[in-house]
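Engineer: Take this structure first; my questions come after.
The values are calculated or read from the model by the stated rules, or taken from the named source; none is laboratory data. Quick caveat: nothing in here was measured; it's all calculated off a predicted structure. Cβ atoms come from the backbone with ideal geometry, glycine included; neighbour counts cover every protein chain shown.
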Amino acid sequence: MKTYIRFGLLVTAILGTLAWLAASGIRESKTYYRTISELKSMPPSEAGKRVRVTGDVVPGSIRREGGAVRFQICEKDRGVTLNVVYTGKDPLPDTFRDEAQAMADGKMGPDGTFHASSIAAKCPSKYEAAPGKAAPQPLNPAPSRSSL
Amino acid sequence: METLGAFSLLLALSLAAYAFLASVIGGWKKKPFLVESARRAVYGVFLLLTAASAILVSALLASDFRYAYVAERSNRAMPALYKFAAWWGGQEGSLLLWSWMLSLYSAIVVWTNRTKHRTLMPWVMAVLMFTQTFFCILNVFVEPPFQMLAVGRGVTSVADGNGLNPLLQYWLMALHPPALYLGFVGFVVPFAFAFASLLTKQPGEAWIATTRRWSLITWGFLSIGIMLGQGWAYAVLGWGGYWAWDPVENASLLPWITATAFLHSVMMQEKKGMMKVWNMVLVSATFFLCIFGTFLTRSGVVSSVHAFAQSSLGAWFVGFLAIGISITTFLILRRLDYLKSEAPLESVLSRESSFLFNNLLLLASCFAVLWGTLFPVLTEWLMGEKITVGPPFFNKVNIPIGLALLFLTGVGPLIAWRRSSWESLKRAFRWPVLGMALTMAVLLAFGVRHFYALMSFGLCAFVAVTVVMEFYKGARAIAAKNRMNFLRATVELTHRNTRRYGGYLVHMGIVLMFIGYTGSAFNKDTTEEVKIGTHFRIGAYELHVKEVTDGSNPNYAWQRAVIGVYRNGQYLGDLRPERRVYMASQQPTSEVAIRRRLNEDLYLNFASMSQSDPQAAVIQAYVFPLVSWIWIGFYVLLFGTIVCLIPSKVKYAYAKTQVVGVYEREPEPVP
């Protein structure tokens with residue numbers, strides 16, 4: 001029986017430590033999902049929260065200034081835009097470009113600019129490829145798909 | 001042809017469903033002819049899915065753009081390798097690959113066991129074919145690969161396709177999915193045997209002996225798949241990372257962790273008859289985590305950078321998981337009486353206990369990763385608000401777990417079964433502890449103050465010394481007895497008990513990988529806007545940007561920076577990071593240039609030309625110490641896995657209630 005008590009104590013100690021580490025890890029890195037319009041109307045009490053926001057990169061808005069990259073993202077239907085400045089050290093993903101869907105993690109600054117520490121991006125859907133590009137025959141005037 | 005392809009899929013579905021029903025009824029009512037017909041149906045399913053896959057692949061290779069799948073995933077200018085790889089480049093095709101691999105595995109299992117396990121096999125087939133039916137349903141109804149482009153009612157075609165995602169046009173990435181799937185799919189086999197043996201109340205550990213090689217091979221494939229992914233991320237994504245705790249990466253790690261726990265804890269069952277329930281749980285968990293991983297990657301439940309598009313697949317997978325997990329849980333609970341442990345735990349200081357803690361830690365890590373991955377889903381359910389956690393959470397939990405596991409890797413092989421005395425422990429661990437202390441002292445003297453890095457390097461030394469000692473002791477005895485030279489004696493030793501010494505090699509591989517991972521504590525990076533003809537520094541390197549050239553080929557246009565690398569004024573060669581824009585998809589990608597050395601990698605990314613100055617390039621430079629040891633460690637791990645699979649020269653018969661063949665057992669330590 002004594003062996004089992006020892007085991008119990010050791011297991012509890014290990015799991016306890018891990019749970020404590022996990023809790024502090026969550027506290028440090030928890031990030032809330034917000035839409036652009038929610039961010040715009042965010043109460044000041046929430047200003048310190050880490051937030052993840054998603055939007056489409058406004059064409060022509062990407063500007064590199066020294067180490068920082070500034071751009072705007074917008075919500076598809078509502079026409080709300082958000083200024084974003086990215087100062088993280090990882091290079092921006094290759095998929096990050098005009099009209100890409102960008103996911104930015106960071107905090108809202110007091111100036112109304114979103115300070116992103118990481119950016120992920122998905123390329124715009126193929127069927128929405130902008131016209132006039134050199135892409136040979138995009139499936140644009142999409143022939144409808146039919147199942148057999 | 002496309003009609004034939006779709007028809008083969010439909011037929012495969014019917015046959016798989018038939019094989020499932022026939023084996024269930026045949027096994028239940030003891031009707032050998034039904035089981036025999038199910039067996040043949042399994043081969044039939046394999047042939048039909050092979051035909052369907054062949055049709056899709058030949059359409060890809062021939063650039064037949066009447067197929068929607070081909071038009072979306074391939075284009076004319078792509079090299080043949082990537083045209084072939086487009087088979088698994090999209091949702092529909094990769095699900096077909098899943099199905100095909102499952103049918104291949106099923107056919108192999110049924111063929112190799114055609115004269116064995118009369119009572120077990122119907123139920124093994126039932127599990128395999130139930131899973132197969134599920135995937136065939138997806139192939140036929142949810143994600144059909146044989147859709148044609150049509151205008152009105154006439155089939156049409158486009159001049160050229162969209163091309164495979166350029167990021168995936170890299171040889172490691174072409175191989176990554178099939179390797180991962182071979183691992184994912186493979187765990188259905190050990191699970192099927194475990195399930196069948198539980199259902200038929202088989203005495204003994206027949207299922208473990210039968211599936212030991214399967215588990216090891218599939219674990220090997222899973223490891224290969226994960227490492228290929230890491231190698232790809234490192235060489236392609238441009239930031240030099242190999243792991244970012246993305247949901248999709250986690251999806252592949254989860255079953256790997258439980259499978260690793262399973263490979264260790266089955267030893268307890270084989271040798272001591274302990275942890276029987278546990279092993280059932282582990283093998284089931286591994287299988288369902290494989291399915292869960294497939295689901296996570298494809299359903300869009302958790303947002304991820306490299307997930308497939310959102311689709312309606314989710315509900316199907318949830319259904320399959322719910323049914324499978326409930327049946328399995330019910331069965332395990334009903335059969336608890338058959339799973340009683342045959343020996344008690346005697347001491348905290350014992351081999352048994354080290355296995356126990358190994359399992360506890362692996363499971364804790366698995367749970368933490370799962371928790372972190374599903375955190376957004378959980379919080380949305382419970383709190384009505386989506387919250388996600390990032391790498392700091394995963395690192396905080398998993399780094400200590402990793403180090404503790406590394407410690408156990410060294411302790412396990414040296415500690416005695418049942419109970420150990422402090423005296424014997426002192427004797428066994430004198431040298432390893434000395435090695436650890438020495439390593440840490442030297443590092444401290446050189447100014448390393450990073451706590452985890454110190455611990456990690458110290459523990460690496462600890463484990464390395466134990467492994468070397470084990471080989472040395474054994475080989476010395478053989479060399480003295482048989483008058484061999486030491487090297488031959490080492491090979492002889494390994495050959496006598498491949499499972500044990502192969503396992504040590506795997507551990508050694510893990511040690512080397514830990515060295516590589518720990519190197520990341522000392523990474524350096526800088527981003528510079530450099531005028532052509534000037535230079536900048538990182539670490540000990542001086543980098544001269546010589547020129548920027550450009551050009552194009554039918555697949556992509558490129559822009560290349562030529563950068564001369566100098567250290568202490570000595571010219572080391574040129575590096576040529578490149579930017580590409582792929583014609584078909586108009587997607588830009590960056591091709592990094594890496595100078596790989598054993599001590600550190602110099603890693604250059606050509607981010608862009610400067611926007612303010614057309615004569616300047618933006619270059620990101622990184623120094624990654626020791627990163628090569630991750631890949632070297634992986635090769636050692638792979639070699640060790642292969643050694644484990646070689647039959648041992650000395651066979652140890654193992655008393656069993658049911659003879660299923662002879663298999664090897666760890667010998668007493670060589671005197």
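Engineer: Which count do you get for residues in the stretch B:314-370 that are closer than 30 Å to B:W422 by Cβ and either in contact with a strand residue (DSSP E or B) (Cβ under 9 Å, 6 or more places away or on another chain) or polar (S, T, N, Q) (or both)?
Structural biologist: The total comes to 8.
Engineer: Separate question: Search the stretch A:88-110 for residues that are more than 10 Å from chain B (Cβ to nearest Cβ) and over 21 Å from B:L167 (Cα atoms) and pair each with any residue that is surrounded by fewer than 18 Cβ atoms within 10 Å (Cβ to Cβ) and at pLDDT below 80 when their beta-carbon atoms are under 8 Å apart and the residues are at least 6 apart or on different chains.
Structural biologist: As it stands, the answer is A:K107/A:A47; A:K107/A:G48; A:M108/A:M42; A:M108/A:A47; A:P110/A:A47, since those pairs meet every condition given.
Engineer: Given the criterion charged (D, E, K, R), touching a Lys or Arg at 6+ places or on another chain (Cβ under 9 Å) and either away from chain A (no Cβ under 11 Å) or surrounded by 22 or more Cβ atoms within 10 Å (Cβ to Cβ) (or both), identify the matching residue among B:R576, B:R567.
Structural biologist: Selected residue: B:R576, the only one of B:R576, B:R567 that is charged (D, E, K, R), touching a Lys or Arg at 6+ places or on another chain (Cβ under 9 Å) and either away from chain A (no Cβ under 11 Å) or surrounded by 22 or more Cβ atoms within 10 Å (Cβ to Cβ) (or both).
Engineer: Among the residues of the stretch B:438-463, which ones are without any contact (Cβ under 8 Å) to a residue 12 or more places away in the chain and within 20 Å of B:I399 (Cα to Cα)?
Structural biologist: B:V448, B:R449, B:F451 - these are the residues of the stretch B:438-463 that are without any contact (Cβ under 8 Å) to a residue 12 or more places away in the chain and within 20 Å of B:I399 (Cα to Cα).
Engineer: Given B:L374, B:L414, B:L362, which one is under 30 Å from A:R34 (Cβ atoms), of a type outside the set (V, I, T) and away from chain A (no Cβ under 11 Å)?
Structural biologist: B:L374
Engineer: Check B:R118, B:R73 and return the single one that is within 14 Å of another protein chain (Cβ to nearest Cβ), modelled with pLDDT under 90 and either farther than 21 Å from B:V142 by Cβ or out of contact with any Cys (no Cβ under 8 Å at 6 or more places or on another chain) (or both).
Structural biologist: Going through B:R118, B:R73 in turn, just one is within 14 Å of another protein chain (Cβ to nearest Cβ), modelled with pLDDT under 90 and either farther than 21 Å from B:V142 by Cβ or out of contact with any Cys (no Cβ under 8 Å at 6 or more places or on another chain) (or both): B:R73.
Engineer: If you scan the stretch B:43-54, which residues turn out to be surrounded by fewer than 23 Cβ atoms within 10 Å (Cβ to Cβ) and touching a residue at least 60 places away in the same chain (Cβ under 8 Å)?
Structural biologist: Matches in the stretch B:43-54: B:Y43 only.
Engineer: How about the stretch A:33-148: which strands (runs of 3 or more DSSP E) wholly inside it have at least 2 residues that are at pLDDT 80 or above?
Structural biologist: Qualifying strands (runs of 3 or more DSSP E): A:51-57, A:68-74, A:81-86, A:101-108, A:114-122.
Engineer: Same structure, new question: Would you check which residues across the stretch B:577-602 are in a loop (DSSP other than H, G, I, E, B) and either more than 24 Å from B:S552 (Cβ to Cβ) or charged (D, E, K, R) (or both) and list them?
Structural biologist: B:R596, B:R597, B:L598, B:N599
Engineer: In the stretch B:333-343, which residue that is surrounded by 11 or more Cβ atoms within 10 Å (Cβ to Cβ) and not aromatic (F, W, Y) is farthest from the other protein chains (Cβ to nearest Cβ)? Even if it seems obvious, please write down each step before you answer.
Structural biologist: As a first pass, look at the stretch B:333-343 and keep what is surrounded by 11 or more Cβ atoms within 10 Å (Cβ to Cβ): B:334-336, B:338-339, B:341, B:343.
Subsequent filtering for residues that are not aromatic (F, W, Y) retains B:334-336, B:339, B:341, B:343.
Numbers: B:R334: 27, B:R335: 24, B:L336: 19, B:L339: 19, B:S341: 13, B:A343: 13 Å.
That would be B:R334.
Engineer: Additional query: Can you pull out the helices (runs of 4 or more DSSP H) entirely within the stretch B:276-395 that have at least 3 residues that are in contact (Cβ under 8 Å) with a residue 24 or more places away in the chain, of a type in the set (A, V, I, L, M, F, W, C) and in contact with a Pro (Cβ under 6 Å, 6 or more places away or on another chain)?
Structural biologist: B:276-299
Engineer: Give the residues of the stretch A:16-40 that are at the interface with another protein chain (Cβ under 7 Å from one of its Cβ atoms) and surrounded by 15 or more Cβ atoms within 10 Å (Cβ to Cβ), sorted by residue number.
Structural biologist: A:L18, A:L21, A:A22, A:G25, A:I26, A:S29, A:K30, A:T31, A:Y32, A:Y33
Engineer: Is the stretch A:58-67 home to any residue that is in contact (Cβ under 8 Å) with a residue 40 or more places away in the chain and buried (at least 18 other Cβ atoms within 10 Å of the Cβ)?
Structural biologist: Within the stretch A:58-67 (the criterion being in contact (Cβ under 8 Å) with a residue 40 or more places away in the chain and buried (at least 18 other Cβ atoms within 10 Å of the Cβ)), the answer is no, since none of the residues qualifies.
Engineer: Any residue at all in the stretch B:363-372 that's closer than 26 Å to B:V127 by Cβ, buried (at least 18 other Cβ atoms within 10 Å of the Cβ), under 27 Å from the mean Cα position of the chain (by Cα) and of a type in the set (S, T, Y)?
Structural biologist: No: zero hits.
Engineer: Is one or more of the residues making up the stretch B:411-431 part of a helix (DSSP H, G or I) and closer than 23 Å to B:W371 by Cβ?
Structural biologist: There is no residue in the stretch B:411-431 that is part of a helix (DSSP H, G or I) and closer than 23 Å to B:W371 by Cβ.
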